[in-house]
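Student: The structure is given below, and queries will be raised subsequently.
Please treat every number below as a calculation from the coordinates, not as lab data. On a predicted model such as this, the values are computed, not experimentally measured, just so you know. Because the Cβ atoms are built from the backbone with ideal geometry, glycine has one as well, and the counts that use them run over all protein chains shown.
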Amino acid sequence: MFTGKVAFVTGGSRGIGLATARALLERGARVAITATSDSTLEAGTAALRDVAGAAAVLPLRADVRHPDEVEQAVETTVAHFGGLDALVNNAGVGAFSRVAEMTVEQWQRVVDTNLSGVFYTSHAALPHLRARGGGWIINVSSLAGANPFPGGAAYCASKAALNAFSEALMQEVRQDGIRVSYVMPGSVRTDFMGAAGQHDEWKLDPQDVAQVVVDLMAHPQRSLPSRVEIRPSQPPRKH
Ligand SMILES: NC(=O)c1ccc[n+]([C@@H]2O[C@H](COP(=O)([O-])OP(=O)(O)OC[C@H]3O[C@@H](n4cnc5c(N)ncnc54)[C@H](OP(=O)(O)O)[C@@H]3O)[C@@H](O)[C@H]2O)c1
C-alpha cells in the first residue's frame, strides 16, 4: 500500500510510535524512527528489522525538544531514503501533578516535547513533503486535549495546543497536497504511565492507534479526516 513511501516517526522506539512504524513497514514503507535513548532505540530497531529487514529501518537518536537535532535527523532521513512522504509526530511525555506542586522543569519538559517538538519537526519536514508534491503530517494528540482534569494542566494544555496547531497547519498546507490530521486516543496500553500491567487489558492496544494512522494515510485524496477520536470500547464501569 505504501511501497516507495518514506515515513519519519518521532518516538518510534516503543509504544504507539513503534506500533505505527511496524504498521507502515508491513505496508511497504521505509521508516525512520527517533528516540532520545540508545537502549529503547536499539530494542525498537531490532523488533522492526525482524518485520521488514535492516534496509527499511533507519534509527536516529534525536530529541524533539532540540530543533538542531530534529533538523539533522530529517535531513539524514531524506539523504538516506531519497525523500520524505509522511511525518508522524508521536513523541510525547506526561508529568501529572497539580500546578502548585509542578516544577518549572516538569512544565518545560511536557510543553517542549508535546508542542514545540511538533513545530520543530513539522518545520523541518515541510520543504521535503512539498518537494514530493504532497504527503502527510499526522499528530498523536490525546483525548486529554479536550477533557482537562486536575493534575493534568501541563499535559492537557500541551495537547489542546497541539490540536489548535494541527488545525491551523492543516489549513495552511492542504492546497499543497499535504494532509494534516491529528489522532486523540484515550488510554493506551503502553509504558507511558509506568510499566503496563495486568489490569490494563481494557485499554486500547498501540496497534489500534497505528491502524488509525495508516487508515488516514490510505484515505481517498478528495476528503480529509482531520481529527479522529479513539477510545477503549469497554472501560471499567464508573456508574
Ligand atoms: N499511552 C496512552 O495512554 C496515551 C493516550 C493518549 C495519547 N498518548 C500519546 O501517544 C504518544 C505516544 O505515547 P506512548 O504511550 O506510546 O508513550 P511511550 O510508550 O512512553 O513512548 C514514548 C516514545 O517517545 C520517545 N520520546 C520521549 N521523549 C522524546 C523526545 N523528547 N524526543 C524524541 N523521542 C522521545 C520515547 O523514547 P525515549 O524514551 O528513548 O526517548 C518513546 O519512543 C504521546 O504523544 C502520548 O501523549 C498516549
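Student: For VAL99 and HIS123, calculate 0.36 nm times their separation in residues minus their Cα-Cα distance, and state this gained length in nm to one decimal. Write out the running numbers ahead of the final one.
Tutor: Working: separation 24, 0.36 × 24 = 8.64 nm, distance 3.04 nm.
That works out to 5.6 nm of additional length.
Student: Taking the radius of gyration and the Kirkwood hydrodynamic radius from Cα positions alone, what is the Rg/Rh ratio for segment 1-124, to two decimal places? If you can, show how the numbers build up before the last one.
Tutor: Details: Rg = 14.8 Å, Rh = 14.6 Å.
We get a ratio of 1.01 for segment 1-124.
Student: Now, a different point. Top mean-square fluctuation among GLU105, GLU69, GLU42, Gaussian network model of the chain, C-alpha springs under 10 Å?
Tutor: Per the Cα network of the chain with a 10 Å cutoff, GLU105 tops the list.
Student: I want to check the label-to-label distance for ALA79 and TRP202. Put each point 7 Å from Cα in the C-beta direction and report it in nm to one decimal.
Tutor: 5.0
Student: I've got another one for you. Going by how many other beta carbons lie within 10 Å of each one, how would you line up MET193, MET1, fewest first?
Tutor: Details: MET193 14, MET1 11.
Least to most surrounded, the residues fall as MET1, MET193.
Student: Can you give me the span-like helices of the chain, meaning DSSP H runs with 15 Å or more of Cα extent along the axis and Kyte-Doolittle mean at or above -0.5?
Tutor: Details: long enough: 15-26 (17 Å, 0.98); 38-52 (21 Å, 0.09); 67-81 (21 Å, -0.31); 117-131 (22 Å, 0.29); 153-173 (30 Å, 0.51); 206-218 (18 Å, 0.81).
Answer set is 15-26, 38-52, 67-81, 117-131, 153-173, 206-218.
Student: For segment 6-230, what does the relative contact order come out to in percent, with C-alpha contacts under 8 Å and a separation of six or more?
Tutor: Numbers: 433 pairs, mean separation 45.5, N = 225.
Over segment 6-230, the number comes to 20 percent.
Student: List the extent of the Cα atoms of the chain along each of their three principal axes, largest first, rounded to whole Å.
Tutor: 50, 38, 35
Student: Next question, about the same structure. Going by average Cβ neighbours within 10 Å, how do the peptides 91-102, 179-190 rank, with the highest at the top? Could you put the intermediate results ahead of the total?
Tutor: Details: 91-102: 16.0, 179-190: 21.9.
Result, highest mean first: 179-190, 91-102.
Student: Please give the calculated 222 nm ellipticity per residue for the chain, where each DSSP H segment of at least 4 residues contributes -39500 (n - 2.57) and the sum is spread over every residue; nearest 500 deg cm²/dmol?
Tutor: Values: 7 runs with 99 residues, N = 239.
Theoretical 222 nm ellipticity from helices: -13500 deg cm²/dmol.
Student: Starting from the Cα of ALA43, move 7 Å in the Cα-to-Cβ direction to define the label point; list residues of segment 184-223 whose amide nitrogen is under 15 Å from there.
Tutor: What the label zone holds, given the 15 Å backbone N cut-off, is 190-197.
Student: Another question about this same structure. Springs between alpha-carbon atoms under 10 Å, Gaussian network over the chain: tell me which of VAL228, VAL88, VAL213 tops the mean-square fluctuations.
Tutor: VAL228
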